[in-house]
Amino acid sequence: MQEMFVIIIGAVFINNIVLSQFLGICPFLGVSKKLSSAVGMGVAVTFVMALAAIITWLVQQLVLVPLGIGYLQTIAFILVIASLVQFVEMVIRKTSPDLYRALGVYLPLITTNCAVLGIAIVNIQKSYTLASSLVNSVANALGFTLALVLMAGIRERLEDADIPKSLQGMPISLITAALMSVAFLGFTGLL
Amino acid sequence: MSLAKEFSKGIVSDNPLFRLTLGMCPSLAITTSVANGIGMGAAFTAVLLASNIAISLLRKIIPDSIRIPCYIVIIASFVTITEMVMHAYAPALFKSLGIFIPLIVVNCIILGRAEAFASKNGVFASVLDALGMGVGYTLALVIVSTVREVLGAGTFYGIPLGGASAQSALIMILPPGGFIALGCILALLNKLQNKTR
């Protein structure tokens, strides 16, 4: 239990996936203009990362390791994740049109979200068990959602701010992210 | 478009990082030293070159409806090869780039060039396109990492610049430094562009 707690605090605050590990920067900067879409993206990523954690762990332990083809990890994982996202999209579209309307637009973006593949690889590198992998993935996804929602809140305020012309758009977003990253540095030493 | 332009567009007018702001993750994560920037740029260029050649050669064979999965498999294969070569011949670099080598697979620039260029153009033009984009991205990484290494560690490519008493701003090689450096460089480029216009 204590190990899980350490994983969760570490992933959400200390090594925040976006602000200190730099995974998933594209959706972080792309989908953080509105609070509602930030929440939608966060939920979609959490869902896919949890599923991907289980499936990639099983693929690694039941297929790649027994067959001695661990070097195919990158190819196998990206294919698994891409098909998983497609599959989830189809299932949601058939079963829950409401959910599809809320998450549908974000799902295709997730295939190229390096956070999903990155965390799947990290889970294997740290030789986590299936349960720890799942906890680590969900905790990282929560960290992603937290950063995304905070960023969206700040950017909604920035809309009205008088920003110098050269800084508008991407530069001010990056500098905002830098300040958030500084704040998250304060969590170092929490554990 | 002339062939020279296929090459040069990736470096200036369509620079993947500075103009198109693609491939941000590695540009923030591994740019703590110039050596990392060059290594990442070289690995990226190798993968882009190989995948552009392969996809350009196969462009008439790959069916249109399943082209994206095909591109991903081709790119992932070359990433795996690059990873193995780096593990064997540059273990120190392999270790410091870490997870960002396999993550070249999901770098949107490579899939973007496959989809937008290599699948529609001949091999020679695709090679030039890949080299231009690769050099442009490497240059961008080197610029970001120079700013971070010089300010954050007081060295350039591992060579100390200041005297023993020189204080460096440690924050530039910590995670926030990545955001600060890239944000300021982009703002500076915007400023220059507004001036010349």
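Numbers at a glance
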read-out	value
Spread of Cα-to-Cα distances over 10 Å intervals beginning at zero, given as percent, for the stretch B:79-197	11, 27, 35, 21, 5, 1
Stokes-Einstein D (µm²/s) once Rh is taken as the Kirkwood radius of the stretch B:27-109 over alpha-carbon pairs, at 10 °C in 1.306 mPa s	118
Selected from B:Leu111, B:Leu161, B:Leu139 as most flexible by GNM, with chain B as the system and alpha-carbon contacts under 10 Å	B:Leu161
Cubic angstrom per residue, convex hull over Cα atoms of chain A	127
Among A:Thr74, A:Thr56, A:Thr111, residue whose mean-square fluctuation peaks in a GNM of chain A (springs only between Cα atoms under 10 Å)	A:Thr74
Solvent exposure, largest accessible area first (probe 1.4 Å, DNA, RNA and ligands not counted), of B:Tyr137, A:Tyr128, B:Tyr157	B:Tyr157, A:Tyr128, B:Tyr137
Interface area, A with B, accessible, probe 1.4 Å, both sides summed, Å² nearest 100	2900
Accessible area (Å², per residue) of chain B, counting only protein heavy atoms and a probe of 1.4 Å	44
Members of the stretch B:57-81 that become less accessible by 50 Å² or more once partner protein chains are added (1.4 angstrom probe, chain alone as reference)	B:Ile72, B:Thr80
Whole-Hz ³J(HN,Hα) from phi, Karplus 6.51 cos²θ - 1.76 cosθ + 1.60, for the stretch B:181-196, glycine and proline x	4, 5, x, 5, 5, 4, 5, 4, 5, 4, 4, 4, 5, 5, 6, 6
Where the Cα pairs of the protein assembly as shown fall when distances are cut into 20 Å bins, in %	27, 61, 12, 0
Residue order for A:Leu117, B:Leu151 - accessible surface, 1.4 angstrom probe, largest first	B:Leu151, A:Leu117
Solvent-accessible area lost in complex, 20 Å² minimum, residues of the stretch A:177-191 relative to chain alone, 1.4 Å	A:Ala178, A:Ser181, A:Val182, A:Leu185
Residues in the stretch A:24-43 that a label on A:Arg157 would reach, taking backbone N under 17 Å of a point 7 Å out along Cα→Cβ	A:32-36
Accessible-area order (highest first, 1.4 angstrom probe) of the listed residues A:Leu134, B:Leu97	A:Leu134, B:Leu97
Using distinct alpha-carbon pairs, which all enter the 1/r mean, Kirkwood radius of the stretch B:127-188 in Å	12.7
Cα gyration tensor, the stretch A:1-111 - rounded (a/c under 1.5), prolate or oblate	oblate
Convex hull projection area averaged over all views, the stretch B:3-143, Cα basis, nm²	7.7
Cut-off 19 Å, label 7 Å out along Cα→Cβ of B:Val85, residues of the stretch B:113-138 by amide N	B:114, B:124, B:126-138
Percent carbon-and-sulfur accessible area, the stretch B:82-173, ignoring ligands, DNA and RNA, probe 1.4 Å	71
A:Tyr71-A:Val91 pseudo-label distance in nm [points 7 Å out on the Cα-to-Cβ vector]	3.4
Accessible area expressed per residue, the stretch A:128-187, with surrounding protein chains retained (probe 1.4 Å, Å²)	45
Pairwise Lys count, the protein assembly as shown - Cα closer than 22 Å, eight or more residues apart or different chains	10
Candidates A:Ala82, A:Ala120, A:Ala44: whichever shows maximal mean-square fluctuation once chain A is modelled as a Gaussian network with Cα springs under 10 Å	A:Ala82
Delta accessible area of at least 10 Å² on complex formation, residues of the stretch B:2-42, 1.4 Å probe, chain isolated as reference	B:Thr21, B:Met24, B:Cys25, B:Leu28, B:Ala29
Inter-label distance, nm, simple model (7 Å from Cα along the C-beta direction), A:Leu190/A:Leu99	2.9
Residues with amide H under 5 Å from that of B:Phe156, placed H, sequence gap 5 or more	B:Leu161
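The values are calculated or read from the model by the stated rules, or taken from the named source; none is laboratory data. Computed from a predicted model, the values in this text were never measured in an experiment. Here Cβ is always computed from backbone atoms with ideal geometry, including for glycine, and neighbour counts include all displayed protein chains. Note: areas computed on protein heavy atoms with side chains; ligands, DNA, RNA excluded. Shrake-Rupley method; radii C 1.70, N 1.55, O 1.52, S 1.80 Å.
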